[in-house]
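Structure record follows, encoded as structure tokens.
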Amino acid sequence: MKRLVVGAHYGLRDWLAQRITAALMVVYTLFAIGVVLKHQPITHAVWQDLFSRGWMRVPTLLFAVCLAWHAWVGVRDILMDYIKPDGLRLTLQVLFVLLLAAYLGWAIQILWR
Amino acid sequence: MASASAKKIRPKYLSLPAILFQIRLPVPGWVSILHRVSGALLVIPFTAWALYMLDMSLRSEEGFQSIARYFELPLVKLGMIVFVWAYCHHFCAGIRYLFLDLDKGIELRPARITSWIVIVAGLALTAVLGALLW
């Protein structure tokens, strides 16, 4: 019997994206801790120099992208669980997309100033 | 057994006292709800706060110094402790979920043991990082 697939079936993709971004953020966290420990004591000059380098900027940008994507799946799950009126949920979802996009824009601005 | 279950009043309705005092969440349930709470806190306000501090500290020497002074404020330290806990708990619980997704540790006993490990590890990491911060 042929299964009738309904819905947007974005569930698996989002679920997988949340896991992959989580794993990448674990790697970045350990990397960032290592970098900070290796460059003690952290002065302004050391700090600014670190974030002027590609090997720090690019992973940090990727972390920010992972964070925004991962957080979006989590926020959407929470809103779907607790906010029942469709209009309110949709409004909040839009606001959170904007917030996460703003975070990402801010991160890029900080990294490439 | 049969008589004990027969005495229970059914249906049982959810009320605030029932939620607070009668329904006991199992340890994996605590890990789960704390994972959700910490995740929500990390979205609002902690990501914004971290970006603000990163922005200020990279902007200029004065900005860096002002963040260093900012860290001396007790309220900021308290906020940082909560931030660190949210990150550590979310981190540890998240790693547990990645293993659960691979069908590792899904039996009752390992699930409870790893739940305790996650809760304790989150608090221990917070204590260590908090001590460094203070």
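Measure nothing fancy, just the Cα-based angle from helix B:61-70's long axis to the longest principal axis of chain B, in degrees from 0 to 90, nearest 10.
With rounding to tens, the tilt is 40 degrees.
How far is helix B:108-133 tilted off the main Cα axis of chain B, in degrees rounded to 10, range 0 to 90?
20 degrees
Straight-line reach only, C-alpha to C-alpha below 19 angstrom: list the lysines that A:Lys38 could link to, leaving out same-chain residues fewer than 8 apart.
Within the straight-line limit of under 19 Å, A:Lys38 reaches no lysines at all.
Rounded to the nearest 0.05, what FRET efficiency do B:Val37 and B:Trp116 have when you use their Cβ-Cβ distance and R0 = 22 Å?
0.75
For chain A, what does -39500 (n - 2.57) per DSSP helix run (n ≥ 4), summed and divided by total residues, give at 222 nm, in deg cm²/dmol to the nearest 500?
-28000 deg cm²/dmol
Work out the mean other chain Cβ neighbour count within 10 Å for the residues of B:37-48 and drop it here as an integer.
Other-chain Cβ atoms within 10 Å of each residue's Cβ, averaged: 4.
Size of the dipole of the protein assembly as shown about the Cα centre, Lys and Arg at +1 and Asp and Glu at -1 on the beta carbon, nothing else charged, in debye to 20?
The dipole of the protein assembly as shown has a size of about 1040 debye.
Order the peptides A:103-113, A:38-48, B:41-51 from the highest to the lowest mean number of other Cβ atoms within 10 Å of their residues.
Result, highest mean first: B:41-51, A:103-113, A:38-48.
Could you work out the longest stretch of chain B that avoids the trypsin sites (Lys or Arg not before Pro) located in DSSP loops with at most 10 other Cβ atoms within 10 Å?
Answer - B:25-134.
Check each of the GluC sites (Glu not before Pro) in the range B:44-104 and keep only those in coil by DSSP with at most 14 other C-beta atoms within 10 angstrom; list them in order.
Qualifying residues, ordered by number: B:Glu72.
Bear in mind these aren't lab numbers, they're just calculated from the coordinates by the rules spelled out. All figures in this text were calculated on a predicted structure; none of them were measured in a lab. Reconstructed Cβ throughout: ideal geometry from the backbone, glycine too, with neighbour counts over all protein chains shown.
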